[in-house]
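What follows draws every value from the coordinates through simple rules; no lab data is involved. The shown structure was predicted, so the numbers you read here are calculated from the model rather than taken from an experiment. Every residue, glycine among them, receives a Cβ derived from its backbone with ideal geometry; neighbour counts consider all protein chains shown.
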Amino acid sequence: MNGCFITFEGGDGTGKSTQIKLLEDYLKAKGKDVITTKEPGGTEVGLEIRKLLVCGDKDKFDAVAEALLYFADRHIHLTKKIWPAMNEGKIVLSDRFADSTFAYQYWGYNKRVSKETLQSLYQISVGDFKPDLTIILDIDPEIGLERSFNKAKNMDVKELRFEGRELEFHHNLRKGFLEIAKEEPNRCVVLDADKSIDELHRDIVNVVNQRLGL
Ligand code: TMP
């Protein structure tokens, strides 16, 4: 595969989708062939899985069932969209990938599903493949959640299943993302998301240029 895979991670309301659009515009202006996508729901079938996961009662699945559904979505996403695009030499920007499963289903739920289980599911559905670069947007969960609730007010379908969890869950998953970044410093960069949209965009462009020379 000669393309490139960049993932954006972080808690809810960190501004990932805004920043991905800005990076897409920046890279396209440089003449790069870029596509953007997201998890869950980067494919048609994935959108059906997304509905199951993000709508409805917060206790309708446990962490194991959630992890299975996220990895099913991810496997379809990789085989139908990400890998074919990379094979055509494209830069793929994804709003979330597997770090979200480790952060939400392992750290968020206070390790109720083991890391080994998630690593096995990763092997089965992703193999040895990893993103070339992961940008983790970090913010105090109280600020992030307020942003998410404001965004949801304008949605037809309310995707608030995760936002309905207690604050401790969101603090745990923030810790989880920071832990992942510490474990894999060559792949992950943590950026302060409590900055203006323009400042954060500049930080992201700097990281992408330094790490990948795009
Ligand atoms: P989004 O709102 O960022 O599109 O993500 C949907 C929700 O799904 C969000 O609250 C994070 C959660 N999620 C997980 O719990 N595990 C995962 O593996 C992924 C990709 C997302």
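Using only side-chain charges placed at the Cβ, +1 for Lys and Arg and -1 for Asp and Glu, the dipole size of the chain relative to its Cα centre rounds to 400 debye.
Grab the DSSP H runs of the chain that are 4 residues or longer, score each as -39,500 (n - 2.57), total them, divide by all residues and round the 222 nm result to the nearest 500 deg cm²/dmol. Could you put the intermediate results ahead of the total?
Working: 9 runs with 105 residues, N = 214.
Value at 222 nm, helices only, nearest 500: -15000 deg cm²/dmol.
Counting neighbouring beta carbons within 10 Å and listing from fewest to most, the residues 86, 1 come out as 1, 86.
With the simple spin-label model, which puts each label point 7 Å out from Cα in the Cβ direction, the residue 210 to residue 110 separation comes to 3.7 nm. For the range 100-214, a Kirkwood radius taken over Cα pairs fed into Stokes-Einstein (25 °C, viscosity 0.890 mPa s) yields D = 154 µm²/s.
Among the listed pairs 38/90; 38/58; 30/153; 21/80, which have their C-alpha atoms separated by more than 25 angstrom in this model?
Flagged as over cut-off: 30/153.
Out of every Cα-Cα pair that the range 1-79 contains, those further apart than 15 angstrom amount to 66 percent. For 107, 83, the sequence from fewest to most other C-beta atoms within 10 Å is 83, 107.
Once you charge only the Cβ atoms, +1 for Lys and Arg and -1 for Asp and Glu, what is the size of the charge dipole of the range 67-123 about its Cα centre, to the nearest 20 debye?
Working: 8 positive and 5 negative charges, 18 e Å.
I would put it at about 80 debye.
With the Kirkwood sum run over all distinct C-alpha pairs, the range 4-209 has a hydrodynamic radius of 17.2 Å. Using θ = phi - 60° in the Karplus curve 6.51 cos²θ - 1.76 cosθ + 1.60, the 3J(HN,Hα) couplings for the range 123-135 round to 4, 5, 9, 10, x, 8, 5, 9, x, 6, 8, 10, 9 Hz; x is entered for Gly and Pro.
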